[in-house]
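Inspection log for the structure reproduced underneath, given as structure tokens.
Throughout, read-outs are computed from the coordinates displayed, never taken from laboratory work. Predicted model, so just to flag it, every value in this text is computed and none were measured. Using ideal geometry, Cβ is built from the backbone for each residue, glycine included, and neighbour counts are taken over all protein chains shown.
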């Protein structure tokens, strides 16, 4: 029997990882948290000795996967139920209480019918209305193997389960099941269609090269210049000054490689892709990131990458798993050393450069100088004796005299002197 301390240790060590593991697979943080909690509830009822587990995460993932499958199947039923409601007259719509009963019954029936062929299910669901071919196929299936007959006898309980549905809702229940199985079949056909097309594409390099969903290009901005890029999948990119990126879109994923500088990205819905919505990835020298419906900026710094998420979430790929960064969070990443550090509080607005400004909040003058160097062509050097002075305010980057205006504003509020030396400006 596991002690409470063993379960608490397992929870503390692996709960965060499990939530990220689930969130990556179902795309919803709230559902991932619920399923993670359900997983640990299941753990409490398992006879396995937790302290003796060699791979606790693999064990937790096995339990969580089964719960996730049940969750997805229940979600399919609920969607099919809502669709079926639109096909019946309004006076026949069940009450909210009956809806709960119907869905619970359908979940049990769905589990019983899962794995049967479509013609077997048809004979079952139509209860006497199936055609002769359906009934004949069902009889042949039962006779083919003694195990099939046992399965058939077991699922005869479906009739009794249908009997638990509130009066007048039987046809709605059957329609819901039909829509559920039809939708799942359609999804499988879509996957097979993609696989078949993929084989044809692999055999034709010309098709890959000329197809609109295949894109390879590079973009570079000069110092002091920003560039806006709209991609065919609906994504929008903004390149900061002195930035270089490579774009590589393939049939199965969208990739942006940040070579240097900083890029702001709004991921598109990718609705025109014949492959369905593809994952959106960003790679740098120090990080590999996957966007989860989001707006974010990525900056390549010396020996690390800075990420700020404005909307949605980003999954950071690590050797040990995935870490989810949510809206409003900023982190510095070094996946070479498997290190992620959250930055809080921020000393500047990481998205202000998109609007052509630097918004500083008690920022070190030395760090403010680095921001100027990132966004403007003229280089600024801040001496150590004034590097720790604090800067606050909004500084506009637009216009030919932007740097002069910024330095004049600093000199009027801080005990510094500005000295120009050819292509370099000293702040001391």
Response to the item:
If 424, 258 are placed from fewest to most neighbouring beta carbons inside 10 Å, the sequence is 424, 258
Practice prompt. Quick one: order 392, 412, 235 by neighbouring beta-carbon count within 10 Å, fewest to most.
Written response: 412, 392, 235
Practice prompt. Would you mind checking the radius of gyration and Dmax of region 4-82 based on alpha-carbon positions, in Å?
Written response: 13.4, 46
Discussion item. With a cut-off of 8 Å between alpha carbons and a minimum separation of six or more residues, what is the relative contact order of region 322-368 in percent?
Written reply: 23
Fill in: Extension gain (nm, one decimal) between residue 227 and residue 29, 0.36 nm per residue minus Cα-Cα
67.9 nm
Worksheet entry | Rel. contact order, % - alpha carbon contacts under 8 angstrom, at least six apart, region 215-342 | 16
Worksheet entry | Mean Cβ count within 10 Å, highest first, over the residues of peptides 368-375, 225-232, 278-285 | 368-375, 278-285, 225-232
Worksheet item: With a ≥ b ≥ c the root eigenvalues of the C-alpha gyration tensor of region 215-342, is it rounded (a/c under 1.5), prolate (a/b larger than b/c) or oblate?
Response: oblate
Item to complete: Going by C-beta contacts inside 10 Å, put 364, 144 in order with the fewest on the left.
Response: 144, 364
Discussion item. Please compute the contact order of region 4-82 in relative form: average sequence separation of alpha-carbon pairs under 8 Å and at least six residues apart, divided by the residue count, as a percent.
Written reply: 33
Discussion item. Going by Cα centres, region 365-428 and region 12-46 are how many Å apart?
Written reply: 48
Response to the item:
Taking a ≥ b ≥ c as the square roots of the Cα gyration tensor eigenvalues, with a/c under 1.5 meaning rounded and otherwise prolate when a/b beats b/c or oblate if not, region 309-428 comes out prolate
Item to complete: Between residue 277 and residue 236, with labels modelled 7 Å along Cα→Cβ, what's the label distance in nm to one decimal, could you check?
Response: 1.8
